[in-house]
Amino acid sequence: MARSLSRRAFLTGLVTWAGTAALLSSCRSGENETPGDQGPASGTRSSPTLPATTGTPAVVSSTGSRVRVVYWGSFSGALGEAEQAVVQRFNESQDDVELEYQFQGSYEETAQKLAQAVAARQTPDVVLLSDVWWFKFYLNGVIAPLDDFFQARQIDLADYVDPLINEGIREGSVYWVPFARSTPLFYYNKEAWSEAGLPDRGPRTWDEFRQWVPELVRSDGGTTTRYAFAHPNAASYIAWLFQGVIWQFGGRYSDPDFTIRLAEPAGVEAGQFYRSTVAEGWAVASQDPNADFVNGLTAAMMASTASLGGLSRSAPFEVGTAFLPEGPAGFGCCTGGSGLAILADKPREIQEAAFNYLAFATSTETTIFWSQSTGYMPVRKSAVESEEMKRFYEENPNFRTAVEQLPKTRPQDAARVFIPNGDQIIGKGLERVTINQEEPQVVFAEVAQTLESEAQPVLAQLAQRER
C-alpha cells in the first residue's frame with residue numbers, strides 16, 4: 001500500500017531538491033530548444049490539420065461557465081506553436097473547460113518551478129514532465145493517480161502504445177501519460193553518404209561505421225572541416241544517448257533496485273569507445289550537434305525523434321534516419337520525452353477538467369496531428385495503425401523509423417530517470433570522457449559513487465511510498 005510522507009518532510013526534501021535543480025535551470029531541453037527542432041519540413045509535405053470536431057465529452061457537470069484549468073508546458077519554437085494549436089483546438093471543441101497554457105521554460109526549469117510552486121501551494125492543474133522528472137513528483141505525492149478518470153471516460157488504456165504507457169505506471173496505477181515521446185535515432189547526411197560511395201542506410205554496427213569514417217571525414221590544411229559524428233554535452237542529454245550505447249556494450253547504469261553498475265567493465269568499455277571516437281579525430285564533442293549537422297560540420301549524429309521535423313526543414317541536404325548501430329552485445333535503445341500529469345492537491349472538479357485536456361491531447365486524432373507536426377511518436381496504437389498515418393509514413397519514411405524501432409527499446413535504467421539529477425550527474429561524467437579525454441574507469445568510478453549517495457534518499461522514500 002502507498003503511504004505519503006509527512007508534509008514537513010516532504011516540503012523539506014522538495015525545497016532542497018528545488019535548490020539543486022536551480023543549478024540546472026540554464027540547461028537546455030535536448031528536445032525543445034535545439035535549432036533542429038523547428039517543426040515540419042517545408043516543401044516536403046503539407047501541414048497536417050487537426051480535426052476541429054474531435055470530441056471531448058466533459059466529466060464535469062455544466063454550471064453555465066467554463067472551468068478554468070492552468071497547464072504548464074515546456075515547448076518553445078515550432079514545437080510550442082504545435083502544442084498551442086492543440087490547446088486552441090481543445091478550447092474550441094467544447095464549452096466546459098477553458099485551458100490556460102503557461103510556458104515555463106525547459107524541462108528542467110519546469111520541474112524546478114513546480115517544486116517551488118508546491119512549496120508555495122500555488123501549483124498548476126496539469127503539467128508536462130519529462131522522463132527524468134515525473135518520478136520525483138510521484139515519489140513525493142505531488143501527482144495524482146488517473147485510473148478513475150480513465151474508467152469514467154471509458155478510455156481503453158490498452159490502446160496506448162505499451163512501452164510508453166507502462167513507464168508511467170507505479171503500483172498498478174497510471175500517474176504519467178505519454179504525450180511527446182521519442183527515441184534516439186541515427187541521423188545521417190545523405191549527400192555526404194553519396195559522395196563517400198556509401199549505401200543509403202545507417203551503419204548496422206559501430207564497427208561498420210568506423211570502417212566508413214575515412215570516407216566521411218574532411219580536412220583542409222590539417223584542419224578538420226567535417227567530422228563523421230558528433231556527441232552532445234550534458235545539457236543536451238548525452239546521458240540519454242549513452243544509455244543505449246552502454247547496453248550495446250553489455251553494461252548498464254544500474255539495476256532496477258538502484259545497484260549502480262556504470263563503473264563495471266562493460267560500462268568502462270563503452271566509455272572507452274566514446275573517448276576513442278574523439279581521440280581518433282572522427283567525432284567531435286559539440287555544443288550544438290543539430291546546428292553542426294545542418295551546417296555540414298558533421299556527417300551524422302544520434303538525436304531525438306523530436307529533431308526530425310526541424311532538421312528536415314532546415315538542412316540543405318536530404319536527411320536520412322536509421323536505427324541505432326549495434327555494439328558488441330547487440331542492439332540497445334531507450335525511449336525518452338515527456339508526458340502529462342495532474343496535480344494531486346486539486347479539487348476533484350479541477351482534476352476532472354484537467355483530465356479532459358489530457359484525454360484530448362493524447363487522443364488518436366491529436367496524437368496523429370502532433371506526430372506529423374513534430375516527429376514525436378504517436379502514443380496510440382489506433383493512430384499508428386490508422387490509414388492517415390500509413391499514408392504519411394509512405395510519403396515521409398523518416399517519421400516511421402522511430403515507430404519501427406520502438407518494439408526493440410527497453411525502459412531506462414533507474415540511475416538516470418529515478419535519481420534526481422542522475423541524468424546530469426552521468427552527463428557531466430561523459431563530458432569529462434569526451435571533452436577532457438579523462439580515463440573512463442576513473443571518471444565512472446567517481447560518478448558511480450555520487451549516484452550511490454544520491455540514491456539513498458530515493459530508496460528511503462520508496463520504502464515509505466510503495467509497500
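Summed over the stretch 340-360, the residues that are of a type in the set (G, A, S), part of a helix (DSSP H, G or I) and in contact with a strand residue (DSSP E or B) (Cβ under 6 Å, 6 or more places away or on another chain) give a count of 2. Scanning the stretch 92-109 for residues that are in a helix (DSSP H, G or I) and in contact with a Phe, Trp or Tyr (Cβ under 9 Å, 6 or more places away or on another chain) returns S93, Y107, E108. Among residues that are of a type in the set (V, I, T) and closer than 19 Å to E349 by Cβ, V174 is not included. Entry remark, the stretch 324-350: residues being closer than 19 Å to A117 by Cβ and surrounded by fewer than 23 Cβ atoms within 10 Å (Cβ to Cβ) number 6 in total. Scanning the stretch 331-343 for any residue that is in the same structural domain as W370 (by TED's automatic domain parsing), over 17 Å from the mean Cα position of the chain (by Cα) and aliphatic (A, V, I, L, M) turns up at least one such residue. I435 fulfils the conditions (1) within 23 Å of the chain's Cα centre (by Cα); (2) among the β-branched types (V, I, T); (3) farther than 22 Å from F258 by Cβ except for a single criterion, (1). In the stretch 146-155, the condition of being among the acidic types (D, E) and on the phi > 0 side of the Ramachandran plot is met by no residue.
Rundown of residues vs (1) among the acidic types (D, E); (2) at pLDDT 95 or above; (3) within 26 Å of P124 (Cα to Cα); (4) in contact with a Ser or Thr (Cβ under 7 Å, 6 or more places away or on another chain), yes/no style:
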{"position": "T364", "(1), (2), (3), (4)": "no, yes, yes, yes"}
{"position": "Q405", "(1), (2), (3), (4)": "no, yes, no, yes"}
{"position": "T409", "(1), (2), (3), (4)": "no, yes, no, yes"}
{"position": "I426", "(1), (2), (3), (4)": "no, yes, no, no"}
{"position": "E446", "(1), (2), (3), (4)": "yes, yes, no, no"}
{"position": "L459", "(1), (2), (3), (4)": "no, yes, no, no"}
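Please indicate, with yes or no, whether at least one residue in the stretch 211-224 is in contact (Cβ under 8 Å) with a residue 24 or more places away in the chain and of a type in the set (D, E, K, R). Looking for residues that are in contact (Cβ under 8 Å) with a residue 24 or more places away in the chain and of a type in the set (D, E, K, R), one finds none in the stretch 211-224, hence no. Would you confirm, using the coordinates I've provided, whether R391 is surrounded by 18 or more Cβ atoms within 10 Å (Cβ to Cβ), out of contact with any Leu (no Cβ under 7 Å at 6 or more places or on another chain) and in a helix (DSSP H, G or I)? No, not satisfied. When I165, I238, I246 are checked against the criterion of being at pLDDT 95 or above, of a type in the set (A, V, I, L, M) and over 26 Å from G309 (Cβ atoms), I246 stands alone in meeting it. Contact map, the stretch 137-159: residues that are more than 18 Å from A353 (Cβ to Cβ) and free of Cβ contacts under 8 Å to residues at least 60 places away in the same chain paired with residues that are β-branched (V, I, T) and crowded, with 17+ Cβ neighbours inside 10 Å, Cβ distance under 8 Å, separation 6+ or inter-chain. Pairs shown: L157/I165; L157/V174. Listed conditions (1) in the same structural domain as G267 (by TED's automatic domain parsing); (2) closer than 20 Å to S304 by Cβ are all met by Q405, apart from (1).
The residues of the stretch 206-241 that are in contact with a helix residue (DSSP H, G or I) (Cβ under 6 Å, 6 or more places away or on another chain) and in a strand (DSSP E or B), listed by number, are A230, H231. Being within 29 Å of F273 (Cα to Cα) and not in a strand (DSSP E or B) is not true of G337. Given the criteria surrounded by 24 or more Cβ atoms within 10 Å (Cβ to Cβ), polar (S, T, N, Q) and part of a helix (DSSP H, G or I), does S373 qualify? No. Return the pair list, or none, for Cβ contacts closer than 9 Å from residues in the stretch 443-467 that are surrounded by 14 or more Cβ atoms within 10 Å (Cβ to Cβ) to residues that are outside any helix (DSSP H, G or I) and acidic (D, E), at least 6 apart or on different chains. Taking only residues 6 or more apart or on different chains, the pairs are F444/E264; A448/E264; R465/E171. Taking every residue in the stretch 186-206 that is more than 11 Å from L216 (Cβ to Cβ) and pairing it with any residue that is in a strand (DSSP E or B) and among the hydroxyl-bearing types (S, T, Y), at least 6 positions away or on another chain, the pairs with Cβ-Cβ distances below 8 Å are F186/T321; Y187/T321; G202/Y188; G202/T321. Specify the residue that is farthest from the chain's Cα centre (by Cα); the eligible residues are those in the stretch 376-387 that are in a helix (DSSP H, G or I) and in contact (Cβ under 8 Å) with a residue 60 or more places away in the chain. Across the stretch 376-387, the extreme among qualifying residues is S382. Applying the set (1) outside any loop (DSSP other than H, G, I, E, B); (2) outside the structural domain of P378 (by TED's automatic domain parsing); (3) buried (at least 16 other Cβ atoms within 10 Å of the Cβ) to L114 leaves exactly one unmet item: (2).
Residues in the stretch 195-212 that are among the small types (G, A, S) and surrounded by 13 or more Cβ atoms within 10 Å (Cβ to Cβ): A196, G202. The set of residues in the stretch 249-268 being assigned to a loop (DSSP other than H, G, I, E, B) and either buried (at least 24 other Cβ atoms within 10 Å of the Cβ) or on the phi < 0 side of the Ramachandran plot (or both) consists of F249, G251, R252, Y253, D255, P256, D257, T259, R261, L262, A263, E264. Looking at F103, F149, just one residue is among the aromatic types (F, W, Y), modelled with pLDDT of 95 or more and surrounded by fewer than 17 Cβ atoms within 10 Å (Cβ to Cβ), and that residue is F103.
The values are calculated or read from the model by the stated rules, or taken from the named source; none is laboratory data. Treat the numbers as computed from the prediction; the structure is a model and nothing was measured. Ideal geometry is used to build each Cβ from the backbone, glycine not excepted, and the neighbour counts take in all protein chains shown.
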